[in-house]
Amino acid sequence: MDVKENIAPLQKENTSEEIVVRIQDLYKSFGDNKVLNGFNMVLRKGENLVVMGKSGSGKSVMIKCLVGLMVPDRGVVEVLGEDIARLNQVDLDELRSDIGFLFQGSALYDSMTVRENLEFPMRRHRKKFEGVTDTLPLVQEALENVGLAHTMDLMPEELSGGMKRRIALARAIILKPKLILYDEPTSGLDPITAKEIIGLMRSIQKKYGTSALIITHDVDCARVISERMILLVDGINYAEGAYQELVTSSDPKINAFFKK
Amino acid sequence: MAMALEMIKKTKEFFIEIGDLSYFALRFFKQAATPPFEFKELLKQSYQVGNRSLLLVATTGFIIGLVLTLQTRPTLIEFGAVSWMPNMVGISIVREVGPVITALICSGKIASGFGAELGSMRVTEQIDAMEVSGTNPFKYLVVTRILAATLMLPLLVVFGDLIALFGSSLVEFMKGNVSFRLYFNTVFDALSYGDLIPATIKSFFFGFVIGLTGCYKGYKTGRGTAGVGIAANTAVVMASLLLFVVDFIAVFVSDIFYEL
Ligand SMILES: Nc1ncnc2c1ncn2[C@@H]1O[C@H](COP(=O)(O)OP(=O)(O)OP(=O)(O)O)[C@@H](O)[C@H]1O
Ligand SMILES: [Mg+2]
């Protein structure tokens with residue numbers, strides 16, 4: 001407690017329990033390619049926050065810094081009250097068990113069955129499952145949540161893109177995370193399947209009360225699911241607000257997002 | 001001038017690559033020595049390595065034994081030394097031809113397989129997904145594969161040797177009326193530990209090189225699906241090249257021991 005306070009220059013009054021994710025002054029570049037240039041963001045408990053940005057604007061980079069998959073050049077990333085940069089591997093893994101991550105391309109393990117895919121997060125995050133000997137009911141529950149209980153023994157290659165996304169969603173929620181990160185949950189899907197996924201995301205949030213950070217460039221998805229939005233432009237949080245506020249803005253950079 | 005610059009650049013890249021590979025190897029030893037150990041995955045990978053290359057090793061082994069014997073026969077007959085055939089072919093197969101041919105075949109099959117597998121897992125974010133799930137992907141994917149290749153290659157070499165000897169004895173049986181029993185007895189009498197031990201040690205190193213380069217290329221795959229093909233391809237080239245370097249060193253070292 002004491003050491004942390006001295007080093008981390010965070011405002012004390014904001015460190016309430018309500019804040020799930022705080023990103024402060026995030027910088028990340030690859031060579032000459034400056035991707036993030038001082039991005040700021042706060043996600044509160046139970047909230048659905050959408051971050052929108054053009055392709056290549058650094059949305060995935062930002063979300064990867066959040067779970068420690070990428071190390072930022074500068075800036076503070078706090079998740080569930082922990083400063084990511086200060087955690088050792090064991091603590092980082094434990095923190096990750098409270099975070100669900102839906103990857104942009106589903107990222108199902110293609111050498112494993114659906115069931116093995118879902119069991120995979122449980123093999124190391126044992127602490128969360130002390131006393132659980134049979135993982136089958138948990139797998140079943142997660143699959144039922146996404147309406148695909150019958151696919152348990154199939155291989156990913158036997159599934160359609162939409163089914164894969166749903167299985168990936170089931171895998172992301174199997175640890176009952178407090179926070180779910182969605183990296184373009186609807187990309188590459190037809191509008192109807194996209195709607196189904198959005199529906200699932202909402203029902204999961206209702207059922208488990210999770211906070212969600214949704215990254216997308218799909219305006220429809222943002223409109224339906226967001227309570228608050230941040231527009232990522234030129235590596236910073238260019239604009240912030242509810243969908244209705246942003247859609248009526250006169251700023252051309254903001255407008256560009258909503259033009260069909 | 002431009003050519004000289006190009007050559008300097010290529011040479012520089014080559015040494016950087018060797019440095020990276022050495023670092024990767026170091027990381028392997030460090031990770032292989034610390035728990036948790038992924039025994040189940042090691043078993044699975046070992047089975048895969050053996051299963052993938054068994055038929056190919058058998059076919060090439062058989063043909064090499066056959067051809068080697070057929071082509072040596074006339075010369076040996078000329079010198080009236082055809083009864084030395086088992087000794088000559090047997091020793092060259094066990095000491096050099098068997099290990100090198102088997103390793104080359106395996107580098108085409110295993111190194112490229114590892115490169116493609118890990119490369120596609122990298123590109124589709126499966127490796128990231130593993131990391132987020134609290135499983136160390138380097139341990140789970142890389143350590144197991146390198147160990148599997150290292151442990152399985154000597155077995156494949158022995159298998160390839162036996163098939164090659166069988167091919168050779170077939171020629172002797174048909175052309176020289178030498179019984180299989182006599183042939184194999186002569187071969188085993190002629191072989192000493194001085195032939196077997198260096199060949200076996202060498203095979204372990206061959207396996208290690210194949211596993212290492214395959215995993216290295218796959219794990220470091222760049223963004224985009226084109227990277228997967230490049231990874232598989234360069235893995236084979238690099239592995240084959242390194243195999244000859246290792247072979248040269250091995251022959252050199254065992255030669256010193258013979259002199260002692
Ligand atoms: N590992 C990496 N190495 C080098 N450059 C990278 C790496 N990851 C991302 N980049 C670069 O960072 C920029 C942002 O990439 P990012 O994947 O975050 O985009 P994105 O906003 O998620 O776009 P999309 O909507 O297409 O997914 C791109 O210019 C990309 O080339
Ligand atoms: Mg992205």
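Suppose we filter A:L232, A:L148, A:L213, A:L175 for residues that are in contact (Cβ under 8 Å) with a residue 40 or more places away in the chain and within 22 Å of A:E119 (Cβ to Cβ); which single one remains? Spell out the reasoning first.
Numbers: A:L232 fails: within 22 Å of A:E119 (Cβ to Cβ); A:L148 fails: in contact (Cβ under 8 Å) with a residue 40 or more places away in the chain; A:L213 fails: within 22 Å of A:E119 (Cβ to Cβ).
Step by step, each of A:L232, A:L148, A:L213, A:L175 is checked, and only A:L175 is in contact (Cβ under 8 Å) with a residue 40 or more places away in the chain and within 22 Å of A:E119 (Cβ to Cβ).
Determine whether the range B:60-74 contains at least one residue that is touching a helix residue (DSSP H, G or I) at 6+ places or on another chain (Cβ under 7 Å) and free of Cβ contacts under 8 Å to residues at least 40 places away in the same chain. Yes, the range B:60-74 contains at least one residue that is touching a helix residue (DSSP H, G or I) at 6+ places or on another chain (Cβ under 7 Å) and free of Cβ contacts under 8 Å to residues at least 40 places away in the same chain. When the range B:103-138 is filtered for residues that are more than 8 Å from chain A (Cβ to nearest Cβ) and without any contact (Cβ under 8 Å) to a residue 60 or more places away in the chain, the ones remaining, listed by number, are B:I105, B:K109, B:P137. Residue pairs whose Cβ atoms lie under 9 Å apart, separated by 6 or more positions or on different chains, with the first residue in the range A:28-50 and within 14 Å of another protein chain (Cβ to nearest Cβ) and β-branched (V, I, T) and the second in a loop (DSSP other than H, G, I, E, B) and within 16 Å of ligand 2 (Cβ to nearest atom), are A:V35/A:G56; A:V35/A:S57; A:V35/A:G58; A:V35/A:G235.
Condition check: at pLDDT below 90, away from every other protein chain (no Cβ under 14 Å), within 27 Å of B:G65 (Cβ to Cβ) and crowded, with 20+ Cβ neighbours inside 10 Å. Does B:V187 satisfy that?
Values: at pLDDT below 90: yes; away from every other protein chain (no Cβ under 14 Å): yes; within 27 Å of B:G65 (Cβ to Cβ): yes; crowded, with 20+ Cβ neighbours inside 10 Å: yes.
Against the criterion (at pLDDT below 90, away from every other protein chain (no Cβ under 14 Å), within 27 Å of B:G65 (Cβ to Cβ) and crowded, with 20+ Cβ neighbours inside 10 Å), B:V187 qualifies.
Of the residues making up the range A:162-191, those that are surrounded by fewer than 18 Cβ atoms within 10 Å (Cβ to Cβ), of a type outside the set (S, T, N, Q) and within 16 Å of ligand 1 (Cβ to nearest atom) number 1. Taking each residue of the range A:82-100 that is facing chain B (nearest Cβ under 8 Å) and looking for partners that are not hydrophobic (A, V, I, L, M, F, W, C) with beta-carbon atoms closer than 6 Å, six or more apart or interchain, yields A:D93/B:G134; A:R96/B:G134; A:S97/A:H125; A:S97/A:K128; A:I99/A:P177. Can you find a residue in the range B:81-88 that is crowded, with 22+ Cβ neighbours inside 10 Å and either within 12 Å of chain A (Cβ to nearest Cβ) or in contact with a helix residue (DSSP H, G or I) (Cβ under 9 Å, 6 or more places away or on another chain) (or both)? There is at least one residue in the range B:81-88 that is crowded, with 22+ Cβ neighbours inside 10 Å and either within 12 Å of chain A (Cβ to nearest Cβ) or in contact with a helix residue (DSSP H, G or I) (Cβ under 9 Å, 6 or more places away or on another chain) (or both). Annotation: B:G19 fulfils all but one of (1) under 23 Å from B:D247 (Cβ atoms); (2) in contact (Cβ under 8 Å) with a residue 40 or more places away in the chain; (3) not basic (K, R); the unmet one is (2).
When residues in the range A:92-106 are screened for being closer than 17 Å to A:T210 by Cα and in contact with an Asp or Glu (Cβ under 9 Å, 6 or more places away or on another chain), 4 of them pass.
With at negative phi, more than 16 Å from ligand 2 (Cβ to nearest atom) and touching a residue at least 60 places away in the same chain (Cβ under 8 Å) as the only criterion, which of A:I192, A:I167 stands out? It is A:I167.
Go through the range A:51-72 and give me each residue that's within 28 Å of A:Q89 (Cβ to Cβ), open to solvent by 40 Å² or more (accessible area, probe 1.4 Å) and within 16 Å of ligand 2 (Cβ to nearest atom).
Step one: filter the range A:51-72 for residues within 28 Å of A:Q89 (Cβ to Cβ), giving A:51, A:58-72.
Imposing the further condition that a residue be open to solvent by 40 Å² or more (accessible area, probe 1.4 Å) reduces the set to A:70-71.
The one that is within 28 Å of A:Q89 (Cβ to Cβ), open to solvent by 40 Å² or more (accessible area, probe 1.4 Å) and within 16 Å of ligand 2 (Cβ to nearest atom): A:M70.
Among the residues here, A:L136 does not qualify as at positive phi and away from ligand 1 (no atom under 15 Å from the Cβ). For the range A:19-48, taking the residues that are among the polar types (S, T, N, Q) and more than 19 Å from the chain's Cα centre (by Cα), the one that is nearest to A:Y208 (Cα to Cα) is identified as A:N37.
Results for (1) closer than 16 Å to B:R122 by Cα; (2) within 16 Å of ligand 1 (Cβ to nearest atom), shown as yes or no for each residue.
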| position | (1), (2) |
| --- | --- |
| B:K202 | no, no |
| B:Y216 | yes, no |
| B:I230 | yes, yes |
| B:V245 | no, no |
| B:F252 | no, no |
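Checking each residue in the range A:61-93 for being over 17 Å from A:V42 (Cα atoms) and near ligand 1 (Cβ under 8 Å from one of its atoms) picks out only A:M70.
The residue of the range A:30-50 that is least open to solvent (accessible area, probe 1.4 Å), among those that are assigned to a strand (DSSP E or B) and near ligand 1 (Cβ under 9 Å from one of its atoms), is A:L36.
The values are calculated or read from the model by the stated rules, or taken from the named source; none is laboratory data. Since this is a predicted model, take the numbers as computed values, not measurements. For neighbour counting, all protein chains shown are included, and Cβ atoms are generated from backbone atoms with ideal geometry for every residue, glycine included. When the accessible area is computed, the model is the full protein with side chains, heavy atoms only, and any ligands, DNA or RNA have been set aside. Shrake-Rupley method; radii C 1.70, N 1.55, O 1.52, S 1.80 Å.
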